[in-house]
Amino acid sequence: MGVCRPRNAVVSTLLSLATFGGLLHHFGTKPMTSESLEDVDWIGSSTSWLDRKACTVFGICGLSHMLHQTRWRNMPEDDFPLSSEEINSTEFWISGLSDPKTWTKEERTLRKVPKYVIDHAPYVHLFSKEEFWPCDMPSHLAHTTPHVNYTIVSPNWQHPKLTDLDLLNKKFGRHVFLKSNDNVEERPDWLGGSSNIPEAPNEKPEDGPQHFRGQRTPPSQVPEDSDLDQWWQVEDSDLSLPDSETMYESATELRRRQEPSAGGRSDAPAVLVVVDKGKGVVDAFWFYFYSYNLGNKVFNVRFGNHIGDWEHTLIRFHNGKPKAIFFSEHDLGAAYSWEAVEKIGKRPVSYSATGTHAMYADAGVHTYVLPFGLLHDITDRGPLWDPALNLYSYTYDYKNDTLRSSQLNPKAPTSWFYFWGHWGDKFYPLNDPRQYRFVGQYHYVNGPLGPRFKRLGRKKICQGADAQECKLRHWIGDGMIPQVSKSNESPEGEEIDLDDPDTRRLLKLAPFF
């Protein structure tokens, strides 16, 4: 009797999912993702007629996989014949070809990161019980192998580097996936990044900067910003160089802390990309990389796992002053006024959700995509990470699609940025025992695209292509009304939007698109 109960619970869960899936299919919309475009072939990969029929008629795909989860870890060793290699991460990050001695005065200016960007660098509260911590890109490359869809590329490309990753583009096109050399269900050490948990800061809390909890209740009156029309939406204009060098300082001066850091250093570096939008508007993108995204559960069934994960926050400045901050939540994120968000000193505080690493403005439960709170993220005040203590910074001319290593790290490579492919596995076929799909949601989805495809040239601060949907929030807290997605885009915004002008410009030389 005790043995039957777990099986009965799973069956009951699946019946609930099927019922809910029918309602969602009738009243809702299906997300249009790259996975769904391959639906016929994906269903046809199953060798079970019953499974294919249940998937087509009832939307329950991979039922037998759910009932035999022990098969997820006990995959045949022949399925993972590839080897990994030991790497020196530091060597990877100084392997770029740029030589500061050849920079002209104009080139040096184009590569300089404003001091105010570092002064307002965000802190990140990682989840206290996180299983998958920040990771380093070189280590990720050492444990993955490029595949074109499900087929391994030439043996010569088994271990690409940050300096040649983009060479895969012209040779193999956009359908390249960095496939894990290990069965990820066995949770190899490199996937979890436990060695990258931020260290505790040396300073005592009472010696640190002042803490501001943020605007937690609706302000009686939103303060008027007389400059709003100058920075809220960037208009097409020529990029301009700074009028004065006084807003910049040397690398040594930028690294010198003006106040003690409240957070700890992680061995996994953050990536800073500074984009000058002209007319005094500067966007500072802080990117965080993880080797694994553990999806959330609905009715005790997990959805949305993928290898590789890119998250970011964006701070928009106008004439050197921070105006707003964007968090890469699910459903294309949320934007807040600078006065609204929590800060330590003059630096904003962000929260990384457990497993998915989606970024939020506060701790708590955050619903997304599905109604009734069925799918949600959780954030808390776990280890406080200071990305500014270990970062590689760049400047980016989005109109000419040119990434430059900054004066802080002139030898940092740039080729990895131009990689067209996915930073993880292609979503597993239905014949893979680790794969299933219910309510249109997959257990494993495609790995993400890189920072270049996060709409760095966006006009408003939000990531979505529809500027009308971008709203500026002036307070945070429990009273916020959850916003449920009504779009047909991927919940994490990982898809390439071919209708977006910036994306079309990026891909103008990409014949495989």
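The values are calculated or read from the model by the stated rules, or taken from the named source; none is laboratory data. If you're wondering where the values come from, they're calculated on a predicted model, not measured in any experiment. As a convention, Cβ positions derive from the backbone with ideal geometry for all residues, glycine included, and neighbour counts pool all protein chains shown. With ligands, DNA and RNA removed, areas are computed over all heavy atoms of the protein, side chains included. Shrake-Rupley method; radii C 1.70, N 1.55, O 1.52, S 1.80 Å.
Data table
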quantity	calculated
Test: Thr144 is in contact with a strand residue (DSSP E or B) (Cβ under 7 Å, 6 or more places away or on another chain), closer than 22 Å to Leu178 by Cβ and not acidic (Asp, Glu)	yes
Qualifying positions in region 301-347 - within 30 Å of Trp423 (Cβ to Cβ), in contact with a Gly (Cβ under 7 Å, 6 or more places away or on another chain) and either in a strand (DSSP E or B) or free of Cβ contacts under 8 Å to residues at least 40 places away in the same chain (or both)	Arg302, Asn305, His306, Ile307, Gly308, Trp310, Phe326, Phe327
Residue match in region 91-112 (condition: within 23 Å of the chain's Cα centre (by Cα), farther than 30 Å from Trp42 by Cβ and either open to solvent by 40 Å² or more (accessible area, probe 1.4 Å) or modelled with pLDDT of 95 or more (or both))	no
Selection status of Phe287, assigned to a strand (DSSP E or B), open to solvent by less than 10 Å² (accessible area, probe 1.4 Å) and closer than 23 Å to Leu178 by Cβ	yes
Residue within region 238-249 that is modelled with pLDDT of 85 or more, closer than 29 Å to Asp267 by Cβ and open to solvent by less than 90 Å² (accessible area, probe 1.4 Å) present	no
Tally, over region 283-315, of residues that are of a type in the set (Asp, Glu) and within 11 Å of the chain's Cα centre (by Cα)	2
Number of the exception - Leu374 against (1) under 19 Å from the mean Cα position of the chain (by Cα); (2) of a type in the set (A, V, I, L, M, F, W, C); (3) open to solvent by 10 Å² or more (accessible area, probe 1.4 Å)	(1)
Condition check for Tyr418: closer than 27 Å to Pro348 by Cβ and either open to solvent by 30 Å² or more (accessible area, probe 1.4 Å) or in contact (Cβ under 8 Å) with a residue 12 or more places away in the chain (or both)	no
Selected residue (only one of Pro413, Pro448 is more than 28 Å from Arg473 (Cα to Cα) and in contact with a Gly (Cβ under 6 Å, 6 or more places away or on another chain))	Pro413
Selection status of Phe417, outside any loop (DSSP other than H, G, I, E, B) and modelled with pLDDT of 95 or more	yes
Residues of region 420-451 that turn out to be out of contact with any helix residue (DSSP H, G or I) (no Cβ under 6 Å at 6 or more places or on another chain) and of a type in the set (A, V, I, L, M, F, W, C), as a count	4
Selection within region 154-196 - surrounded by 18 or more Cβ atoms within 10 Å (Cβ to Cβ), more than 13 Å from Ile307 (Cβ to Cβ) and of a type in the set (A, V, I, L, M)	Leu162, Leu165, Leu168, Val176
Within region 89-143, helices (runs of 4 or more DSSP H) holding 1 or more residues that are closer than 16 Å to Leu408 by Cβ, in contact with a helix residue (DSSP H, G or I) (Cβ under 8 Å, 6 or more places away or on another chain) and among the aliphatic types (A, V, I, L, M)	115-119
Where Tyr368 falls short, out of the listed (1) in contact with a Gly (Cβ under 9 Å, 6 or more places away or on another chain); (2) over 29 Å from Lys115 (Cβ atoms); (3) touching a residue at least 40 places away in the same chain (Cβ under 8 Å)	(1)
